[in-house]
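The values are calculated or read from the model by the stated rules, or taken from the named source; none is laboratory data. Everything numeric in this text was worked out from a predicted model, so none of it was measured. FYI the Cβ positions are ideal-geometry reconstructions off the backbone, even for glycines, and counts take in every protein chain you see. Areas reflect the complete protein model, heavy atoms only, side chains present, ligands, DNA and RNA absent. Shrake-Rupley method; radii C 1.70, N 1.55, O 1.52, S 1.80 Å.
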Amino acid sequence: MVQIIKTFVKCYKKKAKKTVGGKQKVYEYNQYLIPLKRTDNLECKEGVLIIPEKYFKELFGVEDTWAVKEYISKLKGYERNMAEYKKEFKDLEWKHSELSKSYKELLTKYTKANKKYRLDVSKLQELEAQNEELKRKLELNEEKNKELNESYERELNKAIILENELKPSKDKDFWTMLKSRLSKKDVIAKEDE
């Protein structure tokens, strides 16, 4: 843990006497003292950095030493978090590579299925067009068939009538047979018109 020690600089005037050119002169200068406590747990000859409080805010964004201690402890927490985040990031990278592989596989399957679907749709459209053509031909054939059936019915009726005329009936006499033939011929003539 980073230890921040708060203390005050003590200043006092120190006088020094020196003899220069046979005359004694008194020099006065400032002496600075930074007192430390035993509770600060510093060892002898241990290096110490001193930062004036007015520069704390510039360096750390705070003015109080306790806030700096909290800031440094947060930084250490961030370092631990960074290690965890790096590990998590590697896991996520691995998962991403696996997902991208499966995505590529699914994409190729999709393109194949989509191509097959488009071919099936085009075949279906062709079959629908053929079906419409066959329906149209079937309708034409049904119309022809209807006409042929009507023609067949007429010819069948004619044949039945002719057959009945050609076969002499035992019960009918000559005059009734002649009369019926003439009436049937009128019926046939009317149908032909």
Need pairs with beta-carbon distance below 7 Å; first residue more than 10 Å from Lys15 (Cα to Cα) and within region 25-45, second of a type in the set (Ser, Thr, Tyr); sequence gap 6+ or separate chains. Ile34/Thr7; Pro35/Thr7; Leu36/Thr7
Check Glu98 against each of (1) modelled with pLDDT of 80 or more; (2) open to solvent by 100 Å² or more (accessible area, probe 1.4 Å); (3) acidic (Asp, Glu) and name the one condition it does not meet. (2)
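Is it the case, given these coordinates, that Thr39 is in a helix (DSSP H, G or I) and surrounded by fewer than 10 Cβ atoms within 10 Å (Cβ to Cβ)? Steps first, answer last, please.
Numbers: in a helix (DSSP H, G or I): yes; surrounded by fewer than 10 Cβ atoms within 10 Å (Cβ to Cβ): yes.
Yes; evaluated as a whole, the condition is true for this residue.
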